[in-house]
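The values are calculated or read from the model by the stated rules, or taken from the named source; none is laboratory data. The shown structure was predicted, so the numbers you read here are calculated from the model rather than taken from an experiment. Here the Cβ positions follow ideal geometry from the backbone for every residue, glycine too, while neighbour counts run over all protein chains shown.
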Amino acid sequence: MSTTATQAFAGAGAANDNRTAEERVEGAMGAFARSFGATVAWNMESCIHCGMCADACHFYIATGDAKYTPIWKAEMFKRAFRRESGAFAPFFKVLGLKKKVTLKDLEEWQELLFDSCNMCGRCSLICPMGLEVAELIEIGRRGMYEAGLAPKELADRAALQAETGVPEEVEKPYAELLKEIGEKHGVDVVLDKAKADIMVCAPRNDLNRNPSSVAAMVKVLNKLGADYTFRSDAIVAENYGYYAGSNGLQKKIAKRVVDQAKKIGASLVLVPECGHAYYSLRWQAAELMGETLPFKVRHVTEYLAEQVEAGKLKLNKVDGLPTAFHDPCQIVRKGGVTEAPRTLMSELGVNLKEMFNHEGFSFCCAGGGGMNDIERTRPLRLKAQEVKLHEVDDTGAKRFLTSCSDCRVAFDDAGEHFNWDKKTESLVELVADNIKE
Amino acid sequence: MSILEFSRGPMLHFALLVFVFGVLWRLVAVLMLGFRKRYSEERNSNDKALMVGGATCGLRSWPHKEFIGRTAFGEAVGYGYHIGLFTIVLLGGPHVIFWQNLFGFSAPWWPTLPGGLITVVSVLTVILMLIATIRRYMHRPLRQISNFDDYFTLAILYAIMISGLWAVLGGPGRYEYILAAHIISFNLLLIWFPFGKLMHAFYIFPARFVNGYLHAKKGAAT
Amino acid sequence: MSGAIPLKVKSSPKGVTIGGGVKAIGFEILSYLERFLESGESAAIDMRGLPMAPNEYTELLEMLGQGELDLSLEMAGTTRIRETAFSGVWWIQHKGPDDRIQSEYIEINRIPEFLCAQTDQIEDAVRELSDRLRGAL
Amino acid sequence: MSKLKQRKDRPTIGQVMDEAGVGRRQFMKYCAGMTALMAMPPMATTAFAKQLRAARRPSVIYMPFQECTGCLESLTRSFAPSLESLIFDTISLDYNHTLQAAAGHAAEEARLEAMEENWGEYILIVDGSIPTKLNGMYGVSESHTFMEQLEQTAEGAAAIVAVGVCAAYGGVGAAYPNPTGAVGVADLIKNKPVINVPGCPPIPEVMTGTLVSFLANGVPDLDAHLRPRAFFGNTIHDRCYRRRFYDRGLFAKSFDDEGARNGWCLYELGCRGPTTYNACATIKWNGGAGWPVESGHGCIGCSEPGFWDQGGFYEPVTAKLFTERGESIAAAAAGVAVGAAAGLASKARKKKLASETE
């Protein structure tokens, strides 16, 4: 994880931002206005200020600080909504019942919307009024980006990824890196095949830090004899536009993957072990493109589970070590991939010990939503992770699995900080190591 | 025209008109913003999603076991006084007569609870409301997000409950002034209804339904 | 008071089970009786004001029972004054000429106020008696 | 009506009683009946009797205005002749055009004479509302409008007792649309103590009781509507024997259903008990024989101001008092229209905002 100097948030955001404060707020309102329709408006109208969403958010649970109340994170845009587009907008404006949102307000909210929210969606499950709180916060981020208030780390990476397809300066292009991984792990990587049924991406975190998990995926695909290929123009699975809150960049980044898939006539885009890559590609790409995509999108665990159920993939039984599995939020809670990992683990005979908060209700690894990349969020992140680590320990598990690279980055960092006795392993690697010959 | 006649005469009529006008105004204004088409490949069929949406309307009233540890007290108090309010309004003798008279139908089948029992329920409801109000002020997240609308709506509810109990328990003062106060505070509730959080009575089930529906489409947790 | 001559009771209060309403009135009478014993302050309970069901009325009668004195006067309708079985507790009932009860109350007193001679009447009596005696002499 | 000697030697009620051969205890018995009537503590009887005996035998002038004589009928009802006749013996009714033989000019003559003789001492009983439109032209007798007559007779009165809801608050005369501009006594006379004894008609015992309590203790304790609290202190509802059915939520739905036959509460049939202050539930009518609720009909609230205009007598106290002529449909349509307008406006703003910052 490339460390960056801690940035004072005021200066963050789009580098060449010479717009006036007023224009930047207008920008925020514009992005915000583009995002809501009746459903979002209905949500904003329904909030009864009951404060329960705080009880779902691990940052409030860990710190007890009221500012982390999820709906409070969307407060600025609720206020803007009342003034601009609510049923009584003119009255709110004329009578000044809701103060106009200022740039200073938005600056204060950057910490709430970016530094203390993984967009994990747990708050949406507790809301008694059925608000999609996570979506409101997502829209909040879009407004912040347009106001040039997205944290520098995320904004720069999103811009770079939109341009070059790679979210950071790399001395060696990922295509070469991918080939090297193949040679080093003795698997031949299929790259840039003209036509293929499956297009595969790789998480940049794994390319840099856990090449073995990329190799594992390749190994299983080769074993299955799948007609797949990587595409050097769309190797990276992540989508920093989603983190930074820029609809435009997220669309551009997703478009790169969609174009490549169309080019090679793929019927399936295989998302590797990466959380938000799955969510943004499976549930948001089509919406951004404004058309139904000509291919399916599956998380690698979904695909492998299908193969297992179809009998194409036979796995050996692993040892009976009690194992805990972390359900990545974007894949399981928000993405809906609940059964697949468990099908794989039962096929592997894993002695699974479910955590109290598991499947759709699991606590977030606190690294997602871009917080891994924002250095200044580390203290807060560690406080929330402590709660999670205890929960894992409580299961008495000796092995700890998950299926998302960002989560592993977060758990590695926390594990190092709390010198935790467990190491976070990838489910796909476990599968790859136990393919029955 | 005495204050009681005024309260159940022109003022009640005006309040009902404002209520109907305001509620429709607000609902239509929101619905006019339009629903966008969804393109993603759905995990569950439309029928299943509709079914899950329906289920969420009810299930979301009961906390999931993962949350109950933290929200049990808050929800018990909240749902407690809601149940109390519904019992009083729908099963309280004088109220039953009022609704039948207001909407111009007679329903001998409409069950009522004895007056004494309703009084007990009313006192309990007021106590629960007090706890909720104190909690709204003391509980940090709650206090942070509370605004004028929350406290004003509670104030109106207190006015109704206290004047109602006052009339039934025959507190000091003339009966018709207390009854007038009760009806006037109800009129206030009708007038404020569309412009404050009371609209959640209309919002709650569609909101839960849509939330459950969209989550089910993705197979996400509800 | 233990050695006092026991009252010959014409009808002792039957062991009737005392209903709630009657018991309340009973205790009220008891408190007035105790107060009368200490401060000599008399008191009365107006029967018409009490929302009593007919059966409670007879129940109260039975509970209080009948003492030695039972006067009835014909005076623009009958007035009946009865001493209850409990000394100091009197039952007074004024009926109009149409036999309609004009007033009815239980009085806790040494002797019902109604029977007492009034002071101004006694003053007249002093004058009249002295005139009579002087005149007669 | 015998012409009486000068004012100062008017006999006290005690003397009148002795002359009439009424025994002291018989007088005490009547006073006991009176204190019970006025819900005064029984032990107060002796004090009450003493004051009554000492009171001067008052002259009473009974002025009928816009009235139906129902109250006079009620006042002279002779159910309890001993009590009422006794009271009538104590007051010398110097003027009552219905009862007295004299009429026309002679009657006026007697009235003026009585007023002059007892100036400042007599009790003025007013029966009926006073029309005020066209400065009283709706009510004229003896070439004087009722307003003038009231003004004139009130001036010398010690106190005015407005008998019946018409005299007290305008009653049926003042009911909507009140063509004659009828008002109650207290609306015109501001400088004299006015005691309202409303009812349509009032209970006989309440009228006589008010008179006697005025004789004994002067103006009694009055409520906001100038009614003696002794009789108008509680609502019918508070003292109603059917109250327990109200509390248990058992209501008669029609006048001959099972509920009505079981004597359940008549709230649903429009009983005005809860908002009406009177003594019908305790003193009852026709010598204690019964009262409206006991006969199965709800109280119509006849002792309350403007009781004619408080909605149908058969609609519950909390019934709505407005007639819906489609206003709510209009309001709904308006709501949808304004909502649509607001929705379109915000959609337009949204498009403008979105396009500007694309």
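Structure data summary
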| read-out | value |
| --- | --- |
| Candidate set: segment D:340-355, residues that are charged (D, E, K, R) and in contact with a helix residue (DSSP H, G or I) (Cβ under 7 Å, 6 or more places away or on another chain); chosen: the one surrounded by the most Cβ atoms within 10 Å (Cβ to Cβ) | D:K350 |
| D:L344 vs. criteria at the interface with another protein chain (Cβ under 7 Å from one of its Cβ atoms), modelled with pLDDT under 90 and farther than 30 Å from D:F255 by Cβ | no |
| Residue match in segment A:203-215 (condition: within 20 Å of A:E138 (Cβ to Cβ) and either out of contact with any strand residue (DSSP E or B) (no Cβ under 7 Å at 6 or more places or on another chain) or in contact (Cβ under 8 Å) with a residue 40 or more places away in the chain (or both)) | no |
| Criterion violated by A:I331 - all others in (1) among the hydrophobic types (A, V, I, L, M, F, W, C); (2) within 30 Å of B:F35 (Cβ to Cβ); (3) outside the structural domain of A:F361 (by TED's automatic domain parsing) satisfied | (3) |
| Output for segment B:80-103, where each listed residue is more than 8 Å from chain D (Cβ to nearest Cβ) and without any contact (Cβ under 8 Å) to a residue 12 or more places away in the chain | B:H82, B:I83, B:F86, B:V89, B:L90, B:H95, B:W99, B:Q100, B:F103 |
| Conditions (1) within 14 Å of chain B (Cβ to nearest Cβ); (2) within 29 Å of D:P41 (Cβ to Cβ); (3) at pLDDT 85 or above; (4) not in a loop (DSSP other than H, G, I, E, B); number of the one not met by D:D238 | (3) |
| Checking A:E273 against (1) part of a loop (DSSP other than H, G, I, E, B); (2) closer than 30 Å to A:D394 by Cα; (3) more than 15 Å from the chain's Cα centre (by Cα), the condition it does not meet | (3) |
| Test: residue in segment A:27-46 that is in contact with a Cys (Cβ under 7 Å, 6 or more places away or on another chain), closer than 23 Å to B:D149 by Cβ and not polar (S, T, N, Q) | no |
| Top-ranked residue in segment B:196-211 [being more than 7 Å from every other protein chain (Cβ to nearest Cβ), part of a helix (DSSP H, G or I) and touching a residue at least 40 places away in the same chain (Cβ under 8 Å); ranked as nearest to the chain's Cα centre (by Cα)] | B:L198 |
| Qualifying position, being within 8 Å of chain B (Cβ to nearest Cβ), under 30 Å from B:P63 (Cβ atoms) and part of a helix (DSSP H, G or I), among A:I137, A:I71 | A:I71 |
| Failed condition for D:R325, given (1) modelled with pLDDT of 85 or more; (2) at the interface with another protein chain (Cβ under 8 Å from one of its Cβ atoms) | (2) |
| A:E107 vs. criteria surrounded by fewer than 24 Cβ atoms within 10 Å (Cβ to Cβ) and farther than 24 Å from A:R376 by Cβ | no |
| Search result, residues across segment B:108-154 that are β-branched (V, I, T), under 29 Å from A:F59 (Cα atoms) and more than 7 Å from every other protein chain (Cβ to nearest Cβ) | B:I131, B:T133, B:I134 |
| Residue match in segment D:309-320 (condition: under 23 Å from the mean Cα position of the chain (by Cα), more than 30 Å from A:A147 (Cβ to Cβ), facing chain B (nearest Cβ under 10 Å) and part of a helix (DSSP H, G or I)) | yes |
| Close pairs from segment D:204-222: first assigned by TED's automatic domain parsing to the domain that holds D:V194, partner of a type in the set (K, R) and at pLDDT 85 or above, Cβ under 7 Å, at least 6 apart | D:D221/D:R229; D:L222/D:R229 |
| Qualifying position, being within 14 Å of chain D (Cβ to nearest Cβ), within 22 Å of the chain's Cα centre (by Cα), crowded, with 22+ Cβ neighbours inside 10 Å and aromatic (F, W, Y), among A:F32, A:F81 | A:F32 |
| Segment C:73-95: number of residues that are assigned to a loop (DSSP other than H, G, I, E, B) and not β-branched (V, I, T) | 7 |
| Qualifying residue in segment A:277-288 (condition: more than 14 Å from chain B (Cβ to nearest Cβ) and either acidic (D, E) or in contact with a Phe, Trp or Tyr (Cβ under 7 Å, 6 or more places away or on another chain) (or both)) | no |
| B:L50 surrounded by fewer than 18 Cβ atoms within 10 Å (Cβ to Cβ), within 24 Å of A:F361 (Cβ to Cβ) and away from chain A (no Cβ under 14 Å) | yes |
| Condition check for A:G275: in contact (Cβ under 8 Å) with a residue 60 or more places away in the chain, in the same structural domain as A:R209 (by TED's automatic domain parsing) and buried (at least 24 other Cβ atoms within 10 Å of the Cβ) | yes |
| Failed item in (1) within 23 Å of A:C407 (Cα to Cα); (2) surrounded by fewer than 20 Cβ atoms within 10 Å (Cβ to Cβ); (3) within 14 Å of chain B (Cβ to nearest Cβ), with A:S116 passing the rest | (2) |
| Matching option when the condition is under 29 Å from A:G64 (Cβ atoms), among the basic types (K, R) and modelled with pLDDT under 95, among B:R135, B:R140, B:R208, B:R174 | B:R140 |
| Test: residue in segment C:89-102 that is farther than 14 Å from C:I29 by Cα, surrounded by fewer than 20 Cβ atoms within 10 Å (Cβ to Cβ) and touching a Pro at 6+ places or on another chain (Cβ under 9 Å) | yes |
| Residue match in segment D:283-291 (condition: β-branched (V, I, T), over 19 Å from the mean Cα position of the chain (by Cα), at pLDDT below 90 and not in a strand (DSSP E or B)) | no |
| Only listed residue being of a type in the set (S, T, Y), over 14 Å from the mean Cα position of the chain (by Cα) and in a helix (DSSP H, G or I), chosen from B:Y151, B:Y158 | B:Y151 |
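Conditions (1) out of contact with any His (no Cβ under 9 Å at 6 or more places or on another chain); (2) within 29 Å of B:L27 (Cβ to Cβ); (3) of a type outside the set (V, I, T), marked per residue:
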residue: A:G27; (1), (2), (3): yes, no, yes
residue: A:A31; (1), (2), (3): yes, yes, yes
residue: A:R34; (1), (2), (3): yes, yes, yes
residue: A:A38; (1), (2), (3): yes, yes, yes
residue: A:C47; (1), (2), (3): no, yes, yes
residue: A:H58; (1), (2), (3): yes, no, yes
residue: A:A87; (1), (2), (3): yes, yes, yes
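Yes or no, residue by residue, for (1) at pLDDT 80 or above; (2) assigned to a loop (DSSP other than H, G, I, E, B); (3) in contact with a Ser or Thr (Cβ under 7 Å, 6 or more places away or on another chain):
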site: C:K8; (1), (2), (3): no, yes, no
site: C:K14; (1), (2), (3): no, yes, no
site: C:S31; (1), (2), (3): yes, no, no
site: C:L71; (1), (2), (3): yes, no, no
site: C:P97; (1), (2), (3): no, yes, yes
site: C:Q102; (1), (2), (3): yes, no, no
site: C:R110; (1), (2), (3): yes, yes, no
